[in-house]
1. Right, Ser174: more than 19 Å from the chain's Cα centre (by Cα) and on the phi > 0 side of the Ramachandran plot or not?
2. Would you mind finding the one in Thr62, Thr119, Thr74 that is out of contact with any Lys or Arg (no Cβ under 7 Å at 6 or more places or on another chain) and surrounded by fewer than 21 Cβ atoms within 10 Å (Cβ to Cβ)?
3. Would you please name the residue that is farthest from Lys244 (Cα to Cα), looking only at residues in the stretch 271-298 that are more than 30 Å from the chain's Cα centre (by Cα) and not in a helix (DSSP H, G or I)?
4. In the stretch 14-57, what residues are farther than 19 Å from Val75 by Cα, in contact (Cβ under 8 Å) with a residue 12 or more places away in the chain and basic (Lys, Arg)?
5. Name, by its number, the condition in (1) at pLDDT below 95; (2) in a loop (DSSP other than H, G, I, E, B) that does not hold for Lys301.
6. From the list Gln280, Gln288, Gln205, pick out the single residue that is at negative phi, of a type outside the set (Val, Ile, Thr) and in the same structural domain as Ala133 (by TED's automatic domain parsing).
7. Any residue that is acidic (Asp, Glu), over 25 Å from Ser116 (Cα atoms) and in contact with an Asp or Glu (Cβ under 7 Å, 6 or more places away or on another chain) - is there at least one of those in the stretch 193-214?
8. Which of the following residues is assigned by TED's automatic domain parsing to the domain that holds Lys22 and surrounded by 13 or more Cβ atoms within 10 Å (Cβ to Cβ): Leu272, Leu213, Leu267, Leu235?
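The values are calculated or read from the model by the stated rules, or taken from the named source; none is laboratory data. Small disclaimer: the values here were computed from a predicted structure and weren't measured. Cβ placement follows ideal geometry from the backbone for every residue including glycine, while neighbour counts extend to all protein chains displayed.
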Amino acid sequence: MSERQTLSFLAKTLERAGLQPKTKYGQNFLIDLNLLNILIDGAELSRNDVVLEVGTGLGSLTKTMALKAGRVITVEVDRDLQALAARELKSFANVELLSCDALRNKNHLRQEILESVATAMSAIDQPCFKLVANLPYNVATPIISNLLTETPLVERMVVTIQKELGERITAAPSCKDYSALTVWMQSQCDCEILRVLPPSVFWPQPKVDSAILRIRLNPSKRARIQDLEFFHGKLRALFFHRRKFLRSQLATALQEELDKSEVDQVLESCGLAPSLRAEQLSVEQIIQMLEACRLRVEAKKQLTK
């Protein structure tokens, strides 16, 4: 890899092909080899792993992962880079290179990607699905968050992202970064920033700091949420106007299912003051509150049958 991800190699390779990094695709290549190793080491790859990489680039990270993983599904939206990467990766039988946008829409990954992952997993004994990637900034949030609702279910994500996004995902209650995304990720996963990265370790240099983030699915955490779709939808509504009081936000989120007196009863049963704000609640408190809401909604439906 020492010859495959340096600034000089990348620049010369693109120059020979008459190409330059494309801003619209968020192309910022990680050129510090030690940091690439941190990314890979954080994933703890083995032959049981099926790895999804979003943003193939020239295939440097792809090739290194292919030596360790059972199968690598790598996705590149830029057809020019995809053509260059295809030449680099042609000798790796366990790599599948897809040329497409990773997202079908803002809430779902492209189906052909998930089908490729599922097919690869079916051929491996006790497979483990992991995302390992230098993610383009413009798709990082939907890819990370949506993988928790897709099938197959991802078990680990180790990614480079904007530092700001990493801080949002790992934030504590009552700070400006605490959000619906924070609660969504922490309610199901153990999340940690492994390293903060300055702009100088990328080419071209972004205008902001980045971070290597490791996200590990925690099945016992995820099992506490009985209805992921209900939880996700109400959670986003809860933080839509984050400065409003909790009673108002919850009443708005549940306006088609519960009246305000029923919302008051939920808050009282959870020991939560109506004048709190959603950003002041812990992840545990939000899970408990939304589950109480779901149970009340279900009970109300049963009464009307």
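1. The answer is yes for Ser174.
2. Matching residue, one of Thr62, Thr119, Thr74: Thr119.
3. Gly271
4. Within the stretch 14-57, Arg47 is the sole residue that qualifies.
5. All conditions are met except number (2).
6. Step by step, each of Gln280, Gln288, Gln205 is checked, and only Gln205 is at negative phi, of a type outside the set (Val, Ile, Thr) and in the same structural domain as Ala133 (by TED's automatic domain parsing).
7. Scanning the stretch 193-214, I find no residue that is acidic (Asp, Glu), over 25 Å from Ser116 (Cα atoms) and in contact with an Asp or Glu (Cβ under 7 Å, 6 or more places away or on another chain), so the answer is no.
8. From the options Leu272, Leu213, Leu267, Leu235, the qualifying one is Leu213.
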